Each structure stands twice: as structure tokens, then as C-alpha cells.
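The values are calculated or read from the model by the stated rules, or taken from the named source; none is laboratory data. Note that the coordinates shown come from a computational prediction; the quantities given were computed from them, not determined experimentally. Note that we place each Cβ from the backbone using ideal geometry, even for glycine, and neighbour counts take in every protein chain shown.
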């Protein structure tokens, strides 16, 4: 059974030991208008060829969009859970950091859709994600 979701639990991001914590993700904006985050390019997010692993982009996109949506729908007694995540990789990144910015395309009663753009330390777009989230009633505990 899921734990009850509260504003306090959302403010505890990232939960120690959870995926976002282990990968070193930072989310510094998460609201109905935008989400922003970043990660440092180190061994935790690299694949065997030394490039940022595609899963790191997809994971940060889903975390950012989910967190922003959840904060926006919680007061109505809802949560946000991932339905779809499509990530396209445009440029390899091997060092520095990756910044991400997301904007909502659709904020509906039962679904939200976000576009997330990733940029390398030089400001060049390196990946794009589209994330669809289901908005559902929060578990009662």
C-alpha cells in the first residue's frame, strides 16, 4: 500500500536513497507553470562509453514533470503518476552538467503533458523529452 501524499512529503525531495538522490538530481523549480532541474555529469549517470546515459535524461524529465504536477494537484486530493516518457538524444555529453527546463503543454483534469529540454554546460540542446502523467486520487493510506 502507498503512503499518504502530503505537501510535507513533497518538500522532502529527494528522498535519501531514492533514484533521484542516488543519481544526484536537483529540482529547483516545480510548479504549474514550469519545472527546472539539473545533474552533474559523473560516473553515476554515464553509460560504458563515457556518455550521459539516456536513462538519466528520461528519469530527470519524469521526476521534474511528476513533482511539478503533484505539487499542483495535491490540494485537490490528487497525485501524479507517469503514463508515458519519450526522450530523444541529440548531442552526446561527457562532462560538466546538464540543465533541464520543462513547460506544460496540457494541464487537464486527468492528464498533464510536459515538454522538457536538456542543455549541456555550453547551452546546447542535447536531449528532449515529452512526459505524460496521469492525475489520480491520492491513496488514503
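Could you figure out which of (1) touching a residue at least 60 places away in the same chain (Cβ under 8 Å); (2) farther than 16 Å from residue 25 by Cβ isn't true of residue 91? Among (1) touching a residue at least 60 places away in the same chain (Cβ under 8 Å); (2) farther than 16 Å from residue 25 by Cβ, residue 91 violates only (1).
Taken over segment 80-90, the criterion of being closer than 15 Å to residue 131 by Cβ and surrounded by fewer than 18 Cβ atoms within 10 Å (Cβ to Cβ) is satisfied by 81, 82, 83, 84, 86, 88. Can you tell me which residue within segment 127-141, out of those that are over 16 Å from the mean Cα position of the chain (by Cα) and part of a strand (DSSP E or B), is surrounded by the most Cβ atoms within 10 Å (Cβ to Cβ)? Checked segment 127-141; the qualifying residue surrounded by the most Cβ atoms within 10 Å (Cβ to Cβ) is 136. Screening residue 37 against (1) farther than 24 Å from residue 110 by Cα; (2) touching a helix residue (DSSP H, G or I) at 6+ places or on another chain (Cβ under 6 Å); (3) assigned to a loop (DSSP other than H, G, I, E, B); (4) at pLDDT 95 or above leaves a single unmet condition, (3).
Inspect segment 71-82 for any residue being closer than 22 Å to residue 126 by Cβ and without any contact (Cβ under 8 Å) to a residue 24 or more places away in the chain and give the result as yes or no. No, every residue in segment 71-82 fails to be closer than 22 Å to residue 126 by Cβ and without any contact (Cβ under 8 Å) to a residue 24 or more places away in the chain. Within segment 106-116, can one find any residue that is free of Cβ contacts under 8 Å to residues at least 12 places away in the same chain, more than 24 Å from residue 12 (Cβ to Cβ), out of contact with any helix residue (DSSP H, G or I) (no Cβ under 7 Å at 6 or more places or on another chain) and in a strand (DSSP E or B)? There is at least one residue in segment 106-116 that is free of Cβ contacts under 8 Å to residues at least 12 places away in the same chain, more than 24 Å from residue 12 (Cβ to Cβ), out of contact with any helix residue (DSSP H, G or I) (no Cβ under 7 Å at 6 or more places or on another chain) and in a strand (DSSP E or B).
As a summary of the residue check, residue 93 satisfies the conditions (1) at pLDDT below 95; (2) surrounded by 17 or more Cβ atoms within 10 Å (Cβ to Cβ) except for the one numbered (1).
Within segment 40-79, restricting attention to residues that are out of contact with any helix residue (DSSP H, G or I) (no Cβ under 7 Å at 6 or more places or on another chain) and assigned to a loop (DSSP other than H, G, I, E, B), the residue that is surrounded by the most Cβ atoms within 10 Å (Cβ to Cβ) is 41. Going by what's in this entry, would residue 123 be described as free of Cβ contacts under 8 Å to residues at least 12 places away in the same chain and either within 16 Å of the chain's Cα centre (by Cα) or not in a strand (DSSP E or B) (or both)? So residue 123 passes the test.
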